[in-house]
Amino acid sequence: MSLPTPTESTERLPSVLVGPILRRMKVDEITLWCITTERLEFSLLLKSDHTTFLDRQVTAEECWSLRVGERAWVCLLNITPEQALPTGERIEYDLRIRRSNSDSWCSITEWGPELLYPEESLPGFVLQPHLKSMLHGSCRKPHYPSKDGLARADEWMEQHLKSPTELPAFLMLSGDQLYADDVAGPMLRAAHRLSDRLGLWDEQLQGGGAASGSELRHSPYCYYQREQLLPKDQLSQTVKERFFAGVRKPIFTSDSAHNHLITFAEVIASYCLIWSPLSWEGLDLTPPPLSLRHARLYDDELDAVLGFKVQLVQVRRVMAHLPTYMIFDDHDVTDDWNLSAAWEVSAYGHPFSRQIIGNALIGYLLCQGSGNEPRKIRKHLGEYVDRWLDTRQVEDHGTLISELYAFQRWDYLIPIEPGVLVLDTRTRRWRAERNLESPSGLMDWEALTELQQQLLDRKAVILVSPAPIFGVKLIEAVQKLFTTFGQPLMVDAENWMAHPGAANVILNIFRHTRTPEHFVILSGDVHYSFVYDIEIRFRKGGPKIWQITSSGLKNEFPPRLLKVFDRLNRWLYAPSSPLNWFTRRRLMKVSPRKPEGASDGCRLVNNAGIGLVRFAADGEPEEVWQLGADGQDVRFDLSDEEEHWG
């Protein structure tokens, strides 16, 4: 049954603009997320070839529907089936929709036929009883000139769709799903055009050079010059240096914050644009008036952005078939988010930057965090979100942001065996007390203590840490050198070893006699991929540890520089090198896996794509792949020769 003809105000807008994205999924809980352009009712059918498990309308209590604009609703569906769902077999689903003024239901095969793989009659998913395999990745920058790792995941899914038991248990996105701080001009232009189409709510801006989102849009500084919107006082100059600088940082990053997302409307529109091709339809990307230099930059960025847009059909499809979990890293909010206590004092001490960070956190809450553990998030933050979106008052906006700053429950457990613990390494930092400029620890003592309690007496565990716990030593040494000279921001000095307290506690957790026999650490963040096998020196029967890093989905490290680091790292930190005794991991024996087909001396893979890990029954990783976005897949094998670094 087709939906009635849309009204003039919603003409050309699909009823479901983004999604559905499968989120937290288990035998007694189904979670789907989407953004719609009108208020809809939902009905869900779950079935296999021979059995119908659920076929009913979604109740009002099961649908957290949040109106964020004249024609925009964020919808989180969290449903409890009447009977436990089976594991290890394909379950088809039909998410049917109905307008409030209609009696007719519209099947997903009518409103979203592009979500189906060839020969599918309905989209489906598999609830795996144990973790046999998973996909993971991070760092997806739309205007980076590479193909999209999520599109590669879609290709892999299509190739293996007829083998349900072999499908990944879930997709883990471990940070930087959104580059709020590094936005291409055409991407920002698209966000503004889409915001107008959806009528996303405007807001008052506090302490900046524009009084509202609409005034910001008319500012001559709106594109490529947003740092100019801060008032010219001494405190604001400090904020600008830390928050809007957009400087080209030597060695590690070259990101620019000149188009940093500011308003809530820009954040919501950006989420629509990174996950759905429908959001781009009919958008006029003709640039606004720009200087000659910025006009040339806009044209250069436009090619990459249009290439990103082309692959969104695949991105939307794979996320409609694989349960997807997410956690933030810095770019989801802003570069170097909470890197040091000095950064926090500066960024949170100014109302304008505080509001910018707060809007990004609201966006994360609605579009990412809520789907990880819907009931927990809604219980603790739901009333503040509902109140602000109902009143749209400055006071309620500020209250919600304050609650988000105080919230300390972003970490979570994915419901599968062995346990998968997803760490919050951004909001519970271990701040340096003697020197506020020094990098904060990625987790504070209390958070690490809670982590250890969760790990006690488990046989195996997978830890999702956005930043690698065991990273490339040479790069960490360079970061330490810059930090010593008071410049941690210059090199993104955010690694587990940068803070003595956090480093010692996490390493002691691995050495504790009651922690798991198998630790697998999944990470991203660094824009290259690698695998380390780790053991504790001078101890029999200690835990086995694997550091598996896949980064980025659509981002890469400067190629020539990485080759230099890779080879120098192997030379300077060879097994016999005395430099190993100056590292915090000197009691660890680290063996890097060699990428299949790589030249001698190469242990780092610099290719946009997505990681695939297959596990044995005891939680040990049997196979590790980097599925290249360009189709060049790389398997990590144990090196032929023995290589043990401290």
Practice item. Give the carbon-plus-sulfur fraction of the accessible surface of segment 9-75 in %, rounded to a whole number; probe 1.4 Å, heavy atoms of protein chains only. Key: 43
Review point. What are the residues whose amide H is under 5 Å from the amide H of Val68, where those residues sit 5 or more places off or on another chain and H is modelled from the backbone?
Key: Trp73, Val74
Practice item. Have a look at Val420, Gly441, Phe352 and report the one farthest towards the positive end of the charge dipole of segment 345-451, computed about the Cα centre with Cβ charges (Lys/Arg +1, Asp/Glu -1). Key: Phe352
Review point. About its Cα centre, how strong a charge dipole does segment 129-232 have in debye, to the nearest 20, once Lys and Arg get +1 and Asp and Glu get -1 at the Cβ?
Key: 140
Revision key, fill the gap. Per residue, accessible area of the chain with a 1.4 Å probe, heavy atoms of protein chains only, in Å², comes to 38
Check your understanding: For the chain, what is the mean residue ellipticity at 222 nm derived from helices alone (per DSSP H run of n ≥ 4: -39500 (n - 2.57); sum divided by total residues; nearest 500 deg cm²/dmol)?
Key -> -8500 deg cm²/dmol
Practice item. Determine the dipole magnitude for the chain: charges of +1 sit on the beta-carbon of Lys and Arg, -1 on that of Asp and Glu, nothing else is charged, the reference point is the Cα centre, and the result goes in debye to the nearest 20. Key: 1520
Check your understanding: Alpha carbon centre of segment 386-408 versus segment 142-171: separation in Å?
Key -> 37
Review point. Among the DSSP beta bridges whose two residues both lie in the chain, what percent are antiparallel, rounded to the nearest 5?
Key: 75
**Study point:** Carbon and sulfur %, accessible surface of segment 103-151 computed with the full protein complex present, 1.4 Å
**Key:** 53
Check your understanding: Just the accessible area for Glu41, please: 1.4 Å probe, Å², rounded to the nearest 10?
Key -> 60
Practice item. Compute, for Thr51, the solvent-accessible surface of its heavy atoms (probe 1.4 Å) with the complete set of protein chains present, and express it in square angstrom to the nearest 10. Key: 60
Review point. Which option, (1) 85, 70, 55; (2) 74, 67, 42; (3) 82, 56, 54, is the value of Cα extents along the principal axes in Å that was calculated from these coordinates?
Key: (2)
Exercise for review: Identify, among Pro289, Val315, Tyr224, the residue whose Cα sits farthest towards the positive end of the charge dipole of the chain, taking +1 on the Cβ of Lys and Arg and -1 on the Cβ of Asp and Glu, with the dipole about the Cα centre.
Suggested key: Tyr224
**Study point:** the chain: DSSP helices with Cα axial extent of at least 27 Å and average Kyte-Doolittle hydropathy no lower than -1.0
**Key:** 292-310
Exercise for review: Would you grab the residues whose amide H sits under 5 Å from the one on Glu417? Only those 5+ places off in sequence or on another chain, please, with H modelled 1.01 Å from N.
Suggested key: Leu131
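The values are calculated or read from the model by the stated rules, or taken from the named source; none is laboratory data. Source: prediction; values computed, not measured. Don't worry about glycine lacking a Cβ; one is built from the backbone with ideal geometry, like all the others, and counts go over all protein chains shown. The area values use the complete protein model at the heavy-atom level, side chains included, leaving out ligands, DNA and RNA. Shrake-Rupley method; radii C 1.70, N 1.55, O 1.52, S 1.80 Å.
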